[in-house]
Amino acid sequence: MKIDFIKCHGSGNDFILIDEISKDYCFSEENRITLAQNLCKRDGLIGADGILFVQKSNSCDGKMRIFNSDGSEPEMCGNGLRCVGRYVIDLLNKKEITVETMKAEYTVKLVEDVFEGVKTVEIEINTVDFKVNSLPVVHHKDTLIFEKIPALSEDLSFTAISITNPHIVAFVNEFNMDEIVCIGEKANSTKEVFPKGVNANFVKILNEDSIYVKTFERGVGITKSCGTGMTSSTIAYCLKNTSMYGKEIKVYNDGGMIKIAVSKDTNENYTVRFIGNGSYVYKAVVNLNENLDTLSISNKYEVTAEVKSYDEFLKYTQSVISQK
C-alpha cells in the first residue's frame, strides 16, 4: 500500500498529514490506530507526535481527525488544526476556511507571517469551559481554579480548563522535568480523579506579555508544544493577571512561539485568537506492507525554504528564552 503524506508541524509539535479529500484510502478505524502506532515511532523512518487525517465535511471546508502516537484519538489539537487549516487553505486556494473537529467547528485564516518565511494562520477558539464535568475531573466543586490536587502534588495549585479536550495548568518559578513527568504520568493513571486522562501544562511567567509553557500531553508524553495546552495556559494567566485580557500574549515553548489573545464578555464567555505557524517539512510517499508497517519512503521532496525560515525563527525564540 502506498500513501502520500506531508510531514508538518505547529511549534515543533510534528505530524504526518494524510489527505483523504483528494484520495480515498478506505481506512478502517483499526487501520487508523495501527498507522498512528507504526508510522509515528521515533525510531522509524518518519516519526511524529500523531497523524492528521484530513477528510471531507458536510458542514465545513474540511474535517480533522487526529490520532496520537499511541493510537488514541483526542477531541482537539490546536497545533494540528493549524497544519490542517493551512493545508485546506492551500488545497482550496482560499484565505479563510472552516474545519470540523470531533466536537466543534473552527475558522482558520491566513495571516501575516509571525516571522519572515514562516507560514502563519489564526484560529478563533470559543470552546472554553471551566466546568469540571467538561474535562471530566472528579472534584467537589463545579470548577477547579488555582486549587491543589493532592493526588498530583502537595505544593502546586492547578486550574482545570477544557478546550473540548482536557487540560490542567500550574504556574512554576522554574521547570523541574522530573516533577513534570511524574505529575503528567500520575494525572493520566489516576482514573479516580481524571477518568479520561488529562493534558498537564506548566507555566513560567517571563514578563507581563510573555509566558513559557511545557506540556505533558495525554497519549504522547513530553512534547515540544501543545496548541490547546498553550491556549489553556494563557487563559489561566489572564485569570491570574486580569489586565492582560484582550492583549496579545507571546507564548514560548520548546518548539517556537505563538501569539494568543484572550477576550471575555460580560456573560463570562471566552473567545481566543490563536496565531501561529503551520509549517511543511517534506512531502513523500510511504510504502507499507500488509501489516501497515513501513517498508520505505519514496518521492521525498524537502520544503527547504520553510525549514530554513523556521530554523531561524526557532533560534530567535530560544535566544529570547535564554535571556529570561
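Taking every alpha-carbon pair in segment 256-312 and binning the separations at 5 Å intervals from zero gives 4, 14, 13, 12, 12, 10, 11, 9, 7, 5, 3, 0 percent. What the Cα atoms of the chain give is an Rg and a Dmax of 18.9, 57 Å.
Within segment 142-202, list the GluC sites (Glu not before Pro) lying in a DSSP loop whose Cβ has at most 14 other Cβ atoms in a 10 Å radius. Intermediate results must be reported in sequence, preceding the final value.
On the way: sites: GLU147, GLU154, GLU174, GLU179, GLU185, GLU192; in loops: GLU154, GLU174, GLU192.
Within segment 142-202, the qualifying GluC sites (Glu not before Pro) (loop, at most 14 other Cβ atoms within 10 Å) are GLU154, GLU174, GLU192.
Cα centroid separation, segment 81-128 to segment 19-53: 21 Å. Rounded to the nearest Hz, the phi-derived 3J(HN,Hα) couplings of segment 315-324 under the Karplus curve 6.51 cos²θ - 1.76 cosθ + 1.60 (θ = phi - 60°) are 4, 5, 5, 5, 5, 5, 4, 5, 8, 8, where x marks glycine and proline. Would you work out which of SER162, ASN173, GLY278 lies farthest towards the positive end of the dipole of the chain, given +1 charges on the beta-carbon of Lys and Arg and -1 on that of Asp and Glu, about the Cα centre? The residue sitting most towards the positive pole is GLY278.
Once R0 is set to 25 Å, what does the formula 1/(1 + (r/R0)^6) return for the Cβ-Cβ distance between LYS191 and GLU268, expressed as a FRET efficiency to the nearest 0.05?
Working: r = 30 Å, r/R0 = 1.20.
Efficiency computed from Cβ-Cβ geometry: 0.25.
The distance separating the Cα centre of segment 231-280 from that of segment 3-18 comes to 24 Å.
For THR304, THR164, THR266, which order do you get if you count the other beta carbons within 10 Å of each Cβ and list the fewest first? By the 10 Å Cβ count, ascending, the order reads THR266, THR304, THR164.
Bridges between two residues of segment 132-271, per DSSP, are antiparallel at a rate of about 75%.
Remark: for residue pairs LYS141/LYS250; LYS191/LYS250; LYS240/LYS264; LYS41/LYS259, the C-alpha separation exceeds 24 Å in LYS141/LYS250; LYS191/LYS250; LYS41/LYS259.
In order along segment 214-221, the Karplus-derived 3J(HN,Hα) couplings, from 6.51 cos²θ - 1.76 cosθ + 1.60 at θ = phi - 60°, round to 10, 10, 9, 8, 4, x, 10, x Hz, and Gly and Pro are given as x. As a rough footprinting exposure proxy, the listed residues HIS139, HIS167 were ranked by other beta carbons within 10 Å of their own, and the order from fewest upward is HIS139, HIS167.
For GLU147 and SER322, FRET efficiency with R0 = 30 Å and r from the beta-carbon atoms, rounded to 0.05? Don't skip to the answer; put the middle values down first.
Values: r = 33 Å, r/R0 = 1.09.
So the FRET efficiency works out to roughly 0.35.
Secondary-structure-derived ellipticity at 222 nm for the chain, considering helices only, amounts to -7000 deg cm²/dmol, per-run term -39500 (n - 2.57) for DSSP H runs with n ≥ 4.
In order along segment 228-241, phi translates into HN-Hα couplings of 6, x, 5, 5, 5, 5, 5, 4, 4, 5, 5, 4, 7, 10 Hz, rounded to whole numbers, per the Karplus curve 6.51 cos²θ - 1.76 cosθ + 1.60 with θ = phi - 60° and x for Gly and Pro. To the nearest ten degrees, helix 29-39 and the longest principal axis of the Cα atoms of the chain are 90 degrees apart. Amide H to amide H distances under 5 Å link ASP14 with ASP49, where only residues 5 or more positions off or on other chains count and H is placed in the peptide plane.
Here the simple spin-label model places points 7 Å from the Cα toward Cβ, and for LYS315 and SER28 these points are separated by 5.0 nm.
Can you sort ASP293, ASP14 so the residue with the fewest Cβ neighbours within 10 Å comes first? Before the final figure, lay out each step's value.
Numbers: ASP293 13, ASP14 24.
Ascending Cβ contact count within 10 Å gives the list ASP293, ASP14.
Angle of helix 78-92 to the longest C-alpha principal axis of the chain, folded into 0 to 90 degrees and rounded to 10: 40°. Of the residues TYR316, GLY221, PHE130, the one whose Cα sits farthest towards the positive end of the charge dipole of the chain is TYR316 (charges of +1 on Lys and Arg Cβ, -1 on Asp and Glu Cβ, taken about the Cα centre). Between HIS140 and PHE115, the contour length at 0.36 nm per residue exceeds the alpha carbon distance by 4.5 nm.
Grab the beta carbon distance between ASP129 and GLU154, set R0 = 41 Å, and tell me the FRET efficiency rounded to 0.05. Don't jump to the answer; show the numbers that get you there.
On the way: r = 27 Å, r/R0 = 0.67.
Calculated value: 0.90.
Bear in mind these aren't lab numbers, they're just calculated from the coordinates by the rules spelled out. Keep in mind that what you see is a predicted model, and the values were worked out from it rather than measured. Every residue, glycine among them, receives a Cβ derived from its backbone with ideal geometry; neighbour counts consider all protein chains shown.
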